[in-house]
Amino acid sequence: MLSVISYPIFVLSVIASLVLSISLFPVGWFEFRPEWLGLIVFYWTFRAPAQFGVLFAWCLGLLLDVLEATPLGVNALGMALIAFLVLTIHQRLRMYPWPQQCLMVFLLLGINQMLVHFLKQVFGGEDAGFSYLWPALTSALIWPVFSILMDNINRKLG
Amino acid sequence: MPGLRLLLVIIVSAALIVADQQFDRLAPVRSTLATGLTPVYWLGNAPYQFSDWVAGLFTTREDVKQENEDLKARLLILERRALKYAALASENNELRRLMNSSELLDDRVIVSEVVSVSPDPYSHEIIINKGRSDGLQVGQAILDAHGLMGQVVQTSQVTSRVLLVSDSSHAVPVEVVRNGLRAILLGTGDSGTLDLVHVPDTADIREGDLLVSSGLGGRFPRGYPVAEVSLINKEPGEPFVSIRARPKAQLNQSRLVLVVFPPKGGPRPEPVASDSEQEGQG
């Protein structure tokens with residue numbers, strides 16, 4: 001758990017993740033882009049479960065809905081679900097070694113992707129097999145780097 | 001406690017999704033949020049603009065001179081064509097007037113820049129930097145230098161979202177330039193191919209035929225090139241031929257696009273209104 005939470009860092013990280021969600025990734029490789037906002041929600045609920053939770057994740061998800069032009073509420077629900085699951089397991093999660101943490105990231109973001117994909121399909125999206133799970137995998141792979149980087153920034157500036 | 005909140009959030013989300021999807025009540029909310037998110041779009045586009053600017057710093061004088069000369073040559077060719085076009089357009093309008101048709105060919109366009117592409121790899125959408133403050137409305141057609149690209153599906157104050165013709169939920173009414181054969185062109189979800197559907201196997205259509213928007217349906221203006229027939233596959237026993245077409249517009253390359261404003265007094269981009277108008281005309 002972080003001793004100090006730097007709110008400016010929090011705001012900046014959210015803006016950065018929103019920008020990364022729509023840009024700065026080679027066109028044609030969009031399938032493999034990590035779910036940046038999901039990672040941010042995961043990180044902040046994991047590090048500061050007392051301050052950030054379901055409602056706040058829902059609000060961020062709503063912004064992602066606007067950016068992705070999905071029906072309002074779809075990504076919001078997915079993000080709230082991530083936050084809820086992190087809140088239920090964060091004490092155990094802290095004890096886990098890196099590989100196991102990565103696995104949890106994969107599972108939680110995978111659940112989020114499945115829910116979002118399911119809802120999109122209900123409203124007539126196209127089915128592309130299991131490739132919608134790629135973002136969960138790439139997110140899990142960059143989780144150690146991402147979390148160490150964020151911890152360092154927090155420690156320096158928090 | 002988190003469980004209670006999750007329950008609350010699930011109920012609110014379900015209500016939002018139903019209101020948005022079934023009753024279409026949330027367009028103002030979405031538009032307001034999108035306007036608030038304009039800095040995000042701007043930041044997302046900033047690196048590309050910066051790299052363009054850096055690339056501009058390092059072009060040599062010779063390159064610029066060469067480009068300038070090429071552009072001048074091209075301008076000359078286009079001007080010659082425009083001269084011919086002006087004569088043709090006036091002749092065309094004259095003929096239309098003689099036939100008592102009220103519809104004159106003049107579309108107003110504004111130039112816009114693509115600031116972002118849709119982050120969802122399964123939907124073909126782009127975001128352009130013109131919005132309601134420039135007078136854009138849902139349903140307007142978007143062109144690039146080569147042909148029809150798509151239509152505006154959402155507007156915020158300063159940006160708009162454009163659905164491309166290649167999206168699997170998109171359809172354009174088209175006609176073959178050579179003989180006026182009408183058909184519907186569907187997107188396939190692949191930016192290089194479109195499907196021409198419900199063409200009977202006796203229809204006169206060949207590979208290489210140019211398909212232009214027919215203006216039926218009232219959403220797209222008439223006469224803009226959309227695609228070129230690339231493959232015709234006649235299956236014996238099938239009532240329709242399967243026809244593939246290649247979009248004329250460079251859907252995933254163009255950075256500058258044109259937004260077409262419908263001529264005054266012409267069909268509005270509202271689908272319901274235009275349908276009734278067409279029945280009235282026909």
### Message
Give me the mean projected area, in nm² to one decimal, of the convex hull enclosing the Cα positions of segment B:45-176.
### Response
11.9 nm²
## Note on the structure
Under a Gaussian network model of chain B whose springs join Cα atoms within less than 10 Å, the largest fluctuation of B:Asp107, B:Asp167, B:Asp70 belongs to B:Asp70
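I'd like the mean, over residues of B:114-120, of how many other protein chain beta carbons sit within 10 Å of each residue's own Cβ.
Details: counts 0, 2, 4, 4, 5, 12, 10.
Counting other chains' Cβ atoms within 10 Å and averaging over B:114-120 gives 5.
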#### Entry: J(HN,Hα) series, segment B:16-24, from Karplus relation 6.51 cos²θ - 1.76 cosθ + 1.60, nearest Hz, glycine and proline x
4, 4, 5, 4, 6, 7, 8, 10, 6
### Task
Ignore the peptide's own chain and count Cβ atoms of other chains within 10 Å of each Cβ in A:58-66; give me the average, rounded.
5
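How charged is the neighbourhood of A:Leu87? Take every other residue with its Cβ under 14 Å from the Cβ of A:Leu87, and add Lys/Arg as +1 and Asp/Glu as -1. Before the final figure, lay out the partial values.
Values: positive: A:Arg47, A:Arg92, A:Arg94, B:Arg5; negative: none.
Here the charged neighbours net out to +4.
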### Message
So for chain A, considering every pair of alpha-carbon atoms, how many percent are separated by more than 21 Å?
### Response
42 percent
### Summary
Counting only residues 5 or more apart in sequence or on a different chain, those whose built amide H sits under 5 Å from that of B:Ser168 are B:His124, B:Gly189
### Query
Using modelled backbone amide H atoms (1.01 Å from N, in-plane), which distant-in-sequence or interchain residues come within less than 5 Å of B:Phe261's amide H?
B:Arg108, B:Val109, B:Ile110
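Just tell me, in residue order, which DSSP H segments of chain A are both 27 angstrom or longer along the helix axis (alpha-carbon based) and at least -0.5 in mean Kyte-Doolittle hydropathy.
Helices meeting the span and hydropathy rule in chain A are A:74-95, A:98-122, A:134-157.
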### Task
Could you pull out every one of the aspartates and glutamates with an alpha carbon less than 20 Å from that of A:Lys120, ignoring same-chain neighbours closer than 8 positions?
A:Glu31, A:Glu35, A:Asp65, A:Glu68, B:Asp20, B:Asp24, B:Asp120, B:Glu125, B:Asp167, B:Asp190
### Query
Could you give me the ³J(HN,Hα) list for segment B:194-211, computed from phi with Karplus coefficients 6.51, -1.76, 1.60 and θ = phi - 60°, whole Hz, x at Gly and Pro?
10, 10, 9, 10, 6, 9, x, 6, 9, 5, 7, 9, 10, 5, x, 5, 8, 9
#### Entry: Range of Cα positions in segment B:15-57 per principal axis (Å), largest first
51, 15, 11
### Vicinal HN-Hα couplings computed from phi for segment B:59-66 (Karplus, 6.51 cos²θ - 1.76 cosθ + 1.60; Hz; Gly/Pro x)
7, 7, 4, 5, 4, 5, 4, 4
### Query
Under the Kirkwood approximation for Rh and a Cα-based Rg, what ratio Rg/Rh is obtained for chain B?
1.02
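Against the globular-protein guess of 2.2 N^0.38 Å, express the Cα radius of gyration of segment B:47-120 as a ratio, rounded to two decimals.
On the way: Rg = 20.5 Å, N = 74, 2.2 N^0.38 = 11.3 Å.
Taking the Cα Rg and dividing by 2.2 N^0.38 Å, one obtains 1.81.
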### Query
Got a sec? Charge dipole of the protein assembly as shown, +1 on Cβ for Lys and Arg, -1 for Asp and Glu; which of A:Leu72, A:Phe46, B:Gly237 is way out at the positive end?
A:Phe46
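Among all stretches of chain B without exposed chymotrypsin sites (Phe, Trp or Tyr not before Pro) (DSSP loop, at most 13 other Cβ atoms within 10 Å), which one is longest? All intermediate terms of the calculation are to be shown ahead of the outcome.
Working: sites that count: B:Phe23, B:Phe58.
So the longest stretch without any such site is B:59-282.
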## Note on the structure
As straight-line cross-link partners of B:Lys72, the qualifying lysines (C-alpha separation under 20 Å, not fewer than 8 residues apart within one chain) are B:Lys84
### Query
Can you give the Kirkwood hydrodynamic radius for segment B:171-247, in Å, rounded to one decimal and based on Cα pairs?
12.3 Å
### Task
At q = 0.10, 0.11, 0.20 Å⁻¹, work out log10 I(q)/I(0) for segment B:1-89 with the Debye formula, treating every Cα as an identical point scatterer and leaving solvent out; two decimals please.
-0.69, -0.73, -1.00
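Calculate how large, on average over all directions, the projected area of the Cα convex hull of segment A:94-151 is; give the answer in nm² to one decimal.
On the way: hull surface 17.8 nm².
In nm², the orientation-averaged hull projection of segment A:94-151 is 4.5.
So which trypsin sites (Lys or Arg not before Pro) in segment B:134-194 pass both tests, a DSSP loop state and at most 16 other Cβ atoms within 10 Å of the Cβ? Let's see the in-between values first.
Details: sites: B:Arg161, B:Arg178, B:Arg182; in loops: B:Arg178.
Of the trypsin sites (Lys or Arg not before Pro), the ones in loops of segment B:134-194 whose Cβ has at most 16 other Cβ atoms within 10 Å are B:Arg178.
Please average, across the residues of B:40-51, the number of beta carbons from any other chain that are within 10 Å of each residue's own beta carbon, and give a whole number. Let's see the in-between values first.
Details: counts 13, 5, 1, 8, 8, 3, 3, 3, 2, 0, 0, 0.
What the average comes to for B:40-51 is 4.
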### Task
At q = 0.10 Å⁻¹, what is the base-10 log of I(q)/I(0) for the protein assembly as shown according to the Debye formula with one equal point scatterer per Cα and no solvent? Please give it to two decimals.
-0.83
### Task
With just the Cα atoms of segment A:56-117, tell me how far they stretch along each of the three principal axes, in Å, largest first.
37, 20, 15
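Convex hull volume of the Cα atoms in segment B:114-220, per residue, in Å³? If you can, show how the numbers build up before the last one.
Values: hull volume 11.6 nm³, N = 107.
So the per-residue hull volume is 108 Å³.
All of the numbers you see were taken from the coordinates with simple rules; none came from a lab. Just so we're clear, the structure is a prediction, and the values are computed from it rather than from any experiment. Glycine also receives a Cβ, built like all others from the backbone with ideal geometry; neighbour counts cover every protein chain displayed.
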